[in-house]
Structure formats: C-alpha cells, structure tokens
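Engineer: Mind having a look at this structure? Questions to follow.
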C-alpha cells in the first residue's frame, strides 16, 4: 500500500474558503478544530491507514554547514520560508484515489465560526 503525506501550510498554499488565521479564532473554535483532527486520525488508526501526524510551530531556524572550522550559518529574521509547513499527517492507503478522498475530508476541518476551512492540503507520495 502506498504512503502519502498530507501537508498543511501556514501560508504559501492557495487560500481556503474560510481563510481566517487561527490567532483570530476563539478558544472554542481552536478546540473544535483540534478535536476534528484527532477524531479524523483516530478513525484512520482504526482502519489501519494512519502512520503518523505532527503539528509544527511557526518558529524555526534554517541551519547550513559553512565549511570546515566555521560555525554553522543560521537564517536571519527576514527569511520566512520556514513558516510554510504547519504540520503533516502520513497515511498508508490502498491507492491514490483513497489518499485524495482522505485529503478532501481533512480539508473540511472547522475554522472560524465553526465553518469548514476548505483549506488546500498538499498531497505527496512517500518515496520507497
């Protein structure tokens, strides 16, 4: 069975229908969003399609090797690409069509005012 990664983005993907940033949601809306994600993951655990999931903070640092004897280079505050990926879920499904079906379902998670976000998720196959 092929594995796929469902990537969630803070920014960089096309805007969802209910595209209100999470910092503008009520605590109840955040709780409902996270519960939807957990319920979705639990269903996939029960069906054997869940592999892993992780949410990421928007803070981060790019690090690069800068040659023998030199300290590693790190990014500046102006470099913002690190906040593109918000998290991921890895699934193990029968085929690409099932991966698309699950990504579409996850995209309907609730956001501001409890309305579905209809966010764009990036679906990428895992290389063997």
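Every number here is computed from the coordinates shown, using simple stated rules; none is lab data. All values derive from a computational prediction rather than experimental measurement. Because the Cβ atoms are built from the backbone with ideal geometry, glycine has one as well, and the counts that use them run over all protein chains shown.
Engineer: Please compute the modelled spin-label separation between residue 112 and residue 30, points set 7 Å along Cα→Cβ, answer in nm with one decimal.
Structural biologist: Between residue 30 and residue 112, the simple spin-label model gives 1.6 nm.
Engineer: Now, a different point. Which angle from 0 to 90°, rounded to the nearest 10, does the C-alpha axis of helix 27-47 make with the longest principal axis of the chain?
Structural biologist: Computed tilt is about 80 degrees.
Engineer: Set the Förster radius R0 to 25 Å, insert the Cβ-Cβ distance between residue 98 and residue 38 as r into 1/(1 + (r/R0)^6), and round the FRET efficiency to 0.05.
Structural biologist: 0.75
Engineer: Quickly work out the residue 9-to-residue 52 label distance, labels modelled 7 Å from Cα along the C-beta direction, and quote it in nm with one decimal.
Structural biologist: Rounded to a tenth, the inter-label distance reads 2.3 nm.
Engineer: Using only the alpha-carbon atoms, how far is helix 96-107 inclined from the longest principal axis of the chain? Give it as 0 to 90 degrees, nearest 10.
Structural biologist: Compared with the principal axis, the helix lies near 90 degrees.
Engineer: Right, next: Each label point is 7 Å from the Cα along the Cα-to-Cβ direction; what then is the distance between the points at residue 19 and residue 65, in nm?
Structural biologist: Between residue 19 and residue 65, the label points sit 3.9 nm apart.
Engineer: Please arrange 31, 49 by counting, for each residue, the other beta carbons lying within 10 Å of its beta carbon, fewest first.
Structural biologist: Neighbour counts put them in this order, fewest first: 31, 49.
Engineer: Going by how many other beta carbons lie within 10 Å of each one, how would you line up 50, 62, fewest first?
Structural biologist: 62, 50
Engineer: Further, regarding this structure: Checking a compactness column here: for the chain, what do you get for Rg(Cα) / (2.2 N^0.38 Å), N being the number of residues?
Structural biologist: So the Cα radius of gyration is 1.22 times the expected 2.2 N^0.38 Å.
Engineer: In percent, what relative contact order does the chain have, based on Cα pairs under 8 Å that are 6 or more apart in sequence?
Structural biologist: Relative contact order comes out at 50 percent.
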